[in-house]
1. Just checking, does segment 239-248 include any residue being modelled with pLDDT of 90 or more and either within 12 Å of the ligand (Cβ to nearest atom) or over 27 Å from Arg370 (Cα atoms) (or both)?
2. Looking at this structure, is Pro143 within 16 Å of the ligand (Cβ to nearest atom), surrounded by 13 or more Cβ atoms within 10 Å (Cβ to Cβ) and assigned by TED's automatic domain parsing to the domain that holds Asp75?
3. Could you go through segment 293-302 and let me know if any residue there is away from the ligand (no atom under 16 Å from the Cβ) and not small (Gly, Ala, Ser).
4. Which one is nearest to Ile273 (Cα to Cα) among residues in segment 354-391 that are crowded, with 18+ Cβ neighbours inside 10 Å and among the small types (Gly, Ala, Ser)?
5. I'd like the full set of residues that are touching a Leu at 6+ places or on another chain (Cβ under 8 Å) and basic (Lys, Arg), limited to segment 332-379.
6. Looking at Asp384, Asp396, which one is in a helix (DSSP H, G or I), farther than 14 Å from Arg348 by Cβ and more than 22 Å from the chain's Cα centre (by Cα)?
7. Quick one: what pairs do we get from segment 287-301, first residue assigned by TED's automatic domain parsing to the domain that holds Glu320, second of a type in the set (S, T, N, Q) and within 9 Å of the ligand (Cβ to nearest atom), C-beta under 7 Å, 6+ apart or different chains?
8. Return the residues of segment 289-311 that are under 18 Å from Leu140 (Cα atoms) and either part of a loop (DSSP other than H, G, I, E, B) or modelled with pLDDT under 90 (or both); say none if nothing qualifies.
Amino acid sequence: MKKIYFGFLTFIIISSTHAQVSPSFTVLERKIHSNRTIYRSVQLDDLESADSFDGKYFKIVEGKSNEAIKFHEADSKLILRAASAYHHLTIARNFWLKKIDTISPMSLEKVIIRVEIKNLYDEQGHFANDNRTPQFNNALSIPAGVTPEWVPEDRQHAWNKEIWFRPMKKIESKDLPGLGPNPLTVSLQALEQPFINYTRNRFNQTIMEHIFYPTYSTNTVWGDVIRFAGTIALTKAVIEASKHMDNLFVEKYYYLDTAMVPEVIYHEYAHLILSDYMDMTHSTPVIEGMADYFAAALSAKRKVYAKVRGYSNAAAKDTESKKDYAHWYESNMTATADFVLSVLWDVRETLGEKVADQVVYEARSFLTTRTATINHHLIQAILDACDRKCEKPRRDKLKLYETFSLKGF
Ligand SMILES: [Zn+2]
């Protein structure tokens, strides 16, 4: 009896020394059916390294480094960020593989995830120079790229698709930088949303449309240039003005640690998946709304990007927002608004989760980055996708027409 017992013990010891024991990490999660956050100890899947956040599908690095962050790194907040990002990226990848049932994640090379990166993205050089306008409080996904031939050999460089999470920085409302140097390359400017909401409440819709969408009918290249330049300039002016209008409407400080907000991570991963049709260097209401839809579907909460104590007090987006369509939602300035999310969520309520997820995903194949308007292209793309994915397209499209008309289209 003793002998058998001893033999059994030895077996356990031997086999446990050979098995891959993945270490546990503390990560931040939201509670089920709630936006409250908790810290939980989890094991990370598919790690390839025994001492750093280098896995089969994701490698978490700090700033411009290409070395994975080490488990024994002294900065415990950096470990928390790296572990949380890795954990939620794994959840996102599994969601797309199993729930959306697409093999698209498999076509991605190992994705480098940069936390605490301040550099602007540079299409020709990967990272803009360190002293060019450091970035905080946002996240973005970048496309694969390569330095042009004229760049000296020692700086020649190629990169795959990546996700960047900026450092958090408490910024006083009065010092918020407006839309930043190039708002179209920044995919999450949630901090400006309180000002946009505030501004919207102060002016009636006709005035807003006039200000933000003056050349709606002249859809020429020149019209686009005027609209773009005009929108940025006016947005900056309005945001600037609203900061001084009423202190009760805005908080004193804003901050957003994007690597610590689960839905931001889901949103950025969705950009990678949708990038087979939707360009990651552009941030339009349609592109952002699509990524928001999948972030919301994955997190199964009514409100996405809700506050996280100590890490974000940015505004949440409401999947059930009751706003009606207005032309000014076409403006790129409203890429951070929740209007498109609420339209797509109505589609989900009309068709049911399973079919709607397929329809919204399929819709991307009818959309191109530059032309995608909400009231024409997105609506049409949903209807076309329904032809391919709905159970009874004729019946379901009639339901969708009604849904869209209730939303003001
Ligand atoms: Zn985005």
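1. No, there is no match, as no residue in segment 239-248 is modelled with pLDDT of 90 or more and either within 12 Å of the ligand (Cβ to nearest atom) or over 27 Å from Arg370 (Cα atoms) (or both).
2. Judged against the criteria, Pro143 is a match.
3. Yes, there is a match, as at least one residue in segment 293-302 is away from the ligand (no atom under 16 Å from the Cβ) and not small (Gly, Ala, Ser).
4. So the residue we want is Ala363.
5. Within segment 332-379, just Arg364 meets the criteria.
6. Asp384
7. Final answer for the pair search is Glu288/Ser187; Glu288/Thr336.
8. Tyr305, Tyr311
The values are calculated or read from the model by the stated rules, or taken from the named source; none is laboratory data. For clarity, every value in this text was computed on a predicted model and none was experimentally measured. Cβ coordinates were reconstructed from backbone atoms using ideal geometry, including for glycine residues, and neighbour counts include every protein chain displayed.
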